[in-house]
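Contents: one structure, followed by commentary.
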Amino acid sequence: MFDLIVKNANLPDGQSGVDIACKDGLIAAVEPGITAEAGTVIEAGGNLVSPPFVDPHFHMDATLSLGTPRMNVSGTLLEGIALWGELKPIQSIDDIIARALRYCDLAVAKGIGAIRSHVDTCDDELKGVQALLEVRERVKDRLDLQLVAFPQDGVLRDPTAMANTVRALDMGVDVVGGIPHFERTMADGAESVRLLCEIAAERGLMVDMHCDESDDPLSRHIETLAYETRRLGLQGRVAGSHLTSMHSMDNYYVSKLIPLMVEAGVHAIPNPLINIMLQGRHDSYPKRRGQTRVRELRDAGITVGFGSDCVMDPWYSLGRACMLDVAFMGLHVGQLSSRADMDWCFDAVTENSARIMGLDGYGLAKGCAANFVLLQARDRIEAIRLRAHRLATIRKGAVICRSAPVTHELAGTDGWSGLDETAFAPPQTG
């Protein structure tokens, strides 16, 4: 007797007609034709079952704050940072909690099972930290929330940021963050990387730095981050987020830089929606695309996971908690257009990001946590093409969100007929 069985599912690896049985919060079997009884049976009907979507880069302390206290008129990164500085003093802990819980509901409905959120530590009251620690506890049965201590205004540039960041870590924040390109000088940026990585090494924590979110090809803090990662033995525990300056660097320098990242085991987290919106603002034409060198990083063996970054906040007025939107944009901007490339883009919002976050028990194998999502699509590419409707979100072997399939009714000479968008999938050619 199982708690739940999903029947006749397609899996991301190409298997079809597979059943998934769950018991006591774990996947107990993944095989065709399971005949045992279960408390709940879901007929997948040949639709795709995937591990949960994972967002490795988000700002939950700011989410859904659009228009408070005003709009970002220019739509630029720097005005967004200035606007965030206006919002922080007037928002309350309860405001942040309410917005974050609302966003977590949206995330669950869109099949997200884990989020890494940066939380600003350049606030002497640490309101965001207090709020998101509370949210992390309240949502733990629905999704995994990992928090990064993020000195938004620069850990050296802001006079109390270092002390506040250490306080946040003492309070239970999970990951050490930074923003070296926002320090006053390149030298200060490099020093901030050294100091923050040493804190992480002393505490046995992971590191995730906003790194070189700039069009300046001389913003090269990822090189310092790779060096400090190796010096301190942090391999596999460090991520560089954004890395947009790499789209402006010359090829010779990048041919040196990427092997240094590989040697250090540094992960990469591009944020396609935000960076193509915010970067290249000083360009006329030709205009830079704003996304780091995803293909080159991936092909070198670096783990690359796409993040969403923002939803309806001072920096980005759009978004809907949909990691398939993120994959769709990353695919287009990175010109990742082969069938293998498109499959990989699905991995960039699932398996790769789970690896970056160090999630235990992630996947669809026997013994993994019984966390997954049922999509109205037949395979990974179709899921991205359609930004597929989520039919069910399962957590610990129980359905926590469900939705009826999306269909269209068309009027014709013989009356009304149904239209299913998934019917347009091409034949599978391997």
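For the reader, a short list of remarks on this structure follows.
- Considering the conditions (1) in contact with a Pro (Cβ under 8 Å, 6 or more places away or on another chain); (2) under 23 Å from Asp313 (Cβ atoms), Val294 is excluded by exactly one of them, (2).
Here's the yes/no breakdown for (1) open to solvent by less than 50 Å² (accessible area, probe 1.4 Å); (2) over 29 Å from Gly128 (Cβ atoms); (3) more than 21 Å from the chain's Cα centre (by Cα):
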position	(1), (2), (3)
Asn164	yes, no, yes
Gly178	yes, no, no
Glu191	no, no, yes
Glu263	no, yes, yes
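- Residues of the range 331-357 satisfying the condition of being open to solvent by 50 Å² or more (accessible area, probe 1.4 Å) and under 30 Å from Gly204 (Cβ atoms): Glu351, Arg355
- Restricting the first member to the range 121-132 and to residues that are of a type in the set (A, V, I, L, M, F, W, C), and the second to residues that are open to solvent by 10 Å² or more (accessible area, probe 1.4 Å) and assigned to a helix (DSSP H, G or I), the beta-carbon pairs closer than 7 Å and six or more apart or on different chains are Leu126/Arg167; Val129/Met171; Ala131/Ile93; Ala131/Ile97.
- Matching strands (runs of 3 or more DSSP E) fully within the range 325-430 where at least 1 residues are closer than 28 Å to Glu31 by Cα, of a type in the set (Lys, Arg) and at pLDDT 95 or above: 390-395, 398-402
- Sole residue being within 14 Å of Asn10 (Cβ to Cβ) and within 19 Å of the chain's Cα centre (by Cα), chosen from Leu375, Leu364, Leu359: Leu375
- Whichever residue in the range 265-284 is at pLDDT 95 or above and not in a helix (DSSP H, G or I) and, among such residues, is surrounded by the fewest Cβ atoms within 10 Å (Cβ to Cβ): Gly265
- Candidate set: the range 140-162, residues that are touching a Lys or Arg at 6+ places or on another chain (Cβ under 8 Å) and open to solvent by less than 10 Å² (accessible area, probe 1.4 Å); chosen: the one farthest from Ile400 (Cα to Cα): Gly154
- Taken over the range 206-233, the residue count meeting the criterion of being at negative phi and either among the charged types (D, E, K, R) or over 23 Å from the mean Cα position of the chain (by Cα) (or both) is 15.
Per-residue answers, yes or no, for (1) surrounded by 21 or more Cβ atoms within 10 Å (Cβ to Cβ); (2) within 19 Å of Asn271 (Cα to Cα); (3) touching a Lys or Arg at 6+ places or on another chain (Cβ under 9 Å):
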| site | (1), (2), (3) |
| --- | --- |
| Gly67 | no, no, no |
| Glu79 | no, yes, no |
| Asp94 | no, no, no |
| Ala114 | yes, yes, no |
| Thr121 | yes, no, yes |
| Val135 | yes, no, no |
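- Selection from the range 101-112 of residues that are hydrophobic (A, V, I, L, M, F, W, C) and part of a helix (DSSP H, G or I): Leu101, Cys104, Leu106, Ala107, Val108, Ala109
- Among the residues of the range 140-188, just one is assigned to a loop (DSSP other than H, G, I, E, B), touching a residue at least 60 places away in the same chain (Cβ under 8 Å) and out of contact with any Cys (no Cβ under 8 Å at 6 or more places or on another chain), namely Asp141.
- Only listed residue being more than 24 Å from Gly240 (Cα to Cα) and of a type in the set (Val, Ile, Thr), chosen from Val108, Val119, Val129: Val108
- Matching residues in the range 206-250 - criterion: being out of contact with any strand residue (DSSP E or B) (no Cβ under 6 Å at 6 or more places or on another chain), small (Gly, Ala, Ser) and either crowded, with 24+ Cβ neighbours inside 10 Å or not in a loop (DSSP other than H, G, I, E, B) (or both): Ala226, Ser245
- Note on the range 201-260: residues that are out of contact with any Leu (no Cβ under 9 Å at 6 or more places or on another chain), hydroxyl-bearing (Ser, Thr, Tyr) and farther than 18 Å from Met277 by Cα total 6.
- Residue check for Arg298: open to solvent by 10 Å² or more (accessible area, probe 1.4 Å), among the charged types (D, E, K, R) and either under 26 Å from Leu106 (Cβ atoms) or part of a strand (DSSP E or B) (or both): no
The values are calculated or read from the model by the stated rules, or taken from the named source; none is laboratory data. No experiment lies behind these values; they were computed from the predicted model shown. So basically every Cβ, Gly included, is an ideal-geometry build from the backbone, and we count neighbours across all protein chains shown. The protein model used for the area step is the full one, side chains on, heavy atoms only, and it has no ligands, DNA or RNA in it. Shrake-Rupley method; radii C 1.70, N 1.55, O 1.52, S 1.80 Å.
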